[in-house]
Amino acid sequence: MKDNKPWYWIPFLNFASGFPYAIILSVSGTMYKSLGVSNEDIGVYTSLMYLPWVIKPLWSPFIDLHGTKRNWFLSMQLFISIAFLIVGFIIPVSNFFILSLAIFWVAAFASASNDVASDGFYMLALEKEQQSFFLGIRSTFYKIAILTGNGLVVIFAGYLEIAYGDKHKAWSYTMIFVAIFMIVITIYNFFFTPKTETNGELETKTKPNFSKVFATFFQKKQIVLILAFILLFRLGESQLLKMLNPFLVEPIKYELDESATNIKQKAALQSYYSTIKNGGESSKTELELIYSELPILAVMQNEKTALDLKKIHKDDITTYNDVMSKRTKFIDELIKEKGNSDAIPKKGMGISNMDYGIIYGIFGVIALVVGGLIGGFVISRDGLGKWMLPMILAMHLPIIGFILISHFHPEIIFNMNLPYIEYSLDPFYLNLTSSVFHYNPYVVLSVVIEQFGYGFGFAAFMMYLIYVAEGESKTSHYSIATGFMALGMMLPGMASGFIQQYLGYGNFFIWVFLATIPGLILSQLLKYPADFGKKVEEKKV
């Protein structure tokens with residue numbers, strides 16, 4: 001058995017895979033939502049960034065055949081750090097959206113290459129029984145990295161939004177911090193990952209050529225069924241991940257500000273009541289006044305925010321268009337319902353980015369760690385066959401929680417004070433104070449159950465991919481399998497924003513739940529050793 005102190009390097013190596021993945025594919029969506037980008041654009045453009053993970057099998061044999069896996073993942077992690085730093089400097093400029101997408105796109109190729117090298121290193125550095133034992137640890141720290149992005153990074157960004165009152169500056173500093181943090185992780189991996197390879201070392205004694213690597217993968221038994229399962233297993237999850245943040249941070253509803261004192265806003269209110277509310281005819285001038293000046297408030301869990309176009313800086317085109325779109329859509333709905341705002345469906349859950357980060361970064365991480373540790377342990381103890389179905393159900397059934405809260409919109413029951421360090425421009429001034437965390441137990445409970453189920457259940461899927469990769473060139477074969485998995489995430493994710501806009505959040509989550517059924521059915525048709533992944537007991541001498 002290889003003794004290279006895996007407890008020292010496996011957690012941080014997999015953290016270094018999950019963290020950039022989270023920033024590029026998930027946190028970027030949170031950032032763009034905060035900066036005024038529409039759900040449709042978020043769904044399409046952030047899902048397109050899955051493409052490098054989809055096509056990574058095209059260059060994974062090159063990583064397999066040239067250099068060491070260790071040199072590859074260290075180089076890619078450093079490259080990713082530099083890319084995040086550049087994004088941080090780009091965010092304040094007017095055309096930040098296109099420029100940041102381009103940098104994220106390049107970073108995505110580096111991140112996908114980092115995953116290929118890290119996966120190959122894991123399978124080379126550990127014996128098979130070690131792989132099954134550390135699978136839960138590996139997947140747990142990978143998901144912790146994702147939650148660190150969705151949790152702690154978002155908390156940090158949300159706090160800076162409050163401190164500066166400028167979302168672009170807040171996210172700029174956040175991405176610079178992310179880059180520095182990624183550099184620290186890279187340095188740790190440089191010193192603690194073992195040097196177990198020589199240049200060009202492969203899993204087999206002979207080096208298969210590029211075409212043979214692909215041919216042998218597609219010659220595996222049940223390959224059509226295997227590919228269908230990999231593509232469809234995350235059909236529901238791929239859409240859930242893209243729209244869950246917009247749902248939780250979207251205002252609960254919009255309403256008129258009856259207390260407005262501005263002359264133009266009062267005139268717009270008067271026109272609204274005399275025409276739309278009472279069923280009268282509006283002139284073109286009156287409609288222009290209503291659409292531009294009608295005072296509208298976005299209702300959150302803990303506050304009401306005015307949708308006032310005049311408060312937006314002239315250069316901030318993205319935010320201006322986002323607020324204008326929300327105003328226009330709400331007024332269109334009011335006109336359609338003849339002023340009956342109660343007939344307009346509620347939207348999101350209205351929590352802040354900081355509260356979103358706390359929910360995922362504290363409660364979610366705890367649930368995930370517990371679920372991941374249990375998942376890895378039971379597979380190591382009993383094998384994959386016994387736990388495949390229960391684990392898949394554990395992953396997908398928690399979607400029911402989001403179906404319920406999206407339909408019933410339960411409000412806050414009570415608030416809770418959490419301590420935090422007050423931000424100050426003076427680095428020597430730190431004031432320990434407290435902040436009100438608006439504790440919605442229904443949201444927290446749904447997230448906790450979902451994260452526990454994910455941590456517990458995803459280990460089964462990853463263990464099956466290791467089984468699929470068995471044989472020659474398992475690094476490349478594992479990369480091909482995960483490439484198809486990424487394709488199954490990318491295509492549904494691209495459509496998720498449009499589907500959500502068409503169905504509304506409540507019906508969208510029902511659709512997401514139904515989308516998990518094909519993968520569940522296919523999982524029961526797969527053939528694999530029931531004891532695969534089970535720890536081999538050492539014989540007593």
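Summary of values
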| item | result |
| --- | --- |
| Test: residue in the stretch 133-140 that is modelled with pLDDT under 90, of a type in the set (S, T, Y), open to solvent by 40 Å² or more (accessible area, probe 1.4 Å) and assigned to a helix (DSSP H, G or I) | no |
| Output for the stretch 142-165, where each listed residue is assigned to a helix (DSSP H, G or I) and more than 15 Å from the chain's Cα centre (by Cα) | F156, A157, G158, Y159, L160, E161, I162, A163, Y164 |
| Residues of the stretch 501-535 satisfying the condition of being of a type in the set (G, A, S), in a loop (DSSP other than H, G, I, E, B), within 20 Å of K386 (Cα to Cα) and open to solvent by less than 20 Å² (accessible area, probe 1.4 Å) | G533 |
| First in the stretch 368-381 and in contact (Cβ under 8 Å) with a residue 12 or more places away in the chain, second anywhere and surrounded by 20 or more Cβ atoms within 10 Å (Cβ to Cβ) and acidic (D, E), Cβ under 8 Å, 6 or more apart | none |
| Tally of residues being of a type in the set (A, V, I, L, M, F, W, C), touching a residue at least 60 places away in the same chain (Cβ under 8 Å) and within 15 Å of F402 (Cα to Cα) across the stretch 439-472 | 6 |
| Residue list for the stretch 332-353, restricted to those being assigned to a helix (DSSP H, G or I) and crowded, with 21+ Cβ neighbours inside 10 Å | L334, N353 |
| Helices (runs of 4 or more DSSP H) lying entirely in the stretch 166-282 (those with 1 or more residues that are under 30 Å from I24 (Cα atoms), at pLDDT 85 or above and open to solvent by less than 10 Å² (accessible area, probe 1.4 Å)) | 167-192, 210-217, 223-233, 235-249 |
| Residues of the stretch 306-343 satisfying the condition of being in contact (Cβ under 8 Å) with a residue 40 or more places away in the chain, among the hydrophobic types (A, V, I, L, M, F, W, C) and closer than 24 Å to S100 by Cβ | I317, V323 |
| Residue identified as at pLDDT 80 or above, aliphatic (A, V, I, L, M) and over 30 Å from L65 (Cβ atoms) among A469, A460, A481, A486 | A460 |
| Residues that are closer than 24 Å to S352 by Cα and open to solvent by 10 Å² or more (accessible area, probe 1.4 Å), drawn from the stretch 40-60 | E40, D41, V44, Y45 |
| Residue selected from the stretch 295-326 under the condition among the hydrophobic types (A, V, I, L, M, F, W, C) and part of a strand (DSSP E or B), by the criterion most open to solvent (accessible area, probe 1.4 Å) | A306 |
| Failed item, numbered, when L430 is tested on (1) open to solvent by less than 70 Å² (accessible area, probe 1.4 Å); (2) at pLDDT below 70 | (1) |
| Boolean, G88 is open to solvent by less than 20 Å² (accessible area, probe 1.4 Å) and on the phi > 0 side of the Ramachandran plot | no |
| Cβ-Cβ under 9 Å pairs, at least 6 apart or on other chains, the stretch 15-29 side in a helix (DSSP H, G or I), far side of a type in the set (D, E) | S17/D115; S17/D119; Y21/D115 |
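The values are calculated or read from the model by the stated rules, or taken from the named source; none is laboratory data. Since we're looking at a predicted model, the values are computed, not measured. All Cβ positions, even for glycine, are placed from backbone atoms using ideal geometry, and neighbour counts span all protein chains on display. Each accessible area value is taken on the protein alone, full model and side chains, heavy atoms only, with ligands, DNA and RNA left out. Shrake-Rupley method; radii C 1.70, N 1.55, O 1.52, S 1.80 Å.
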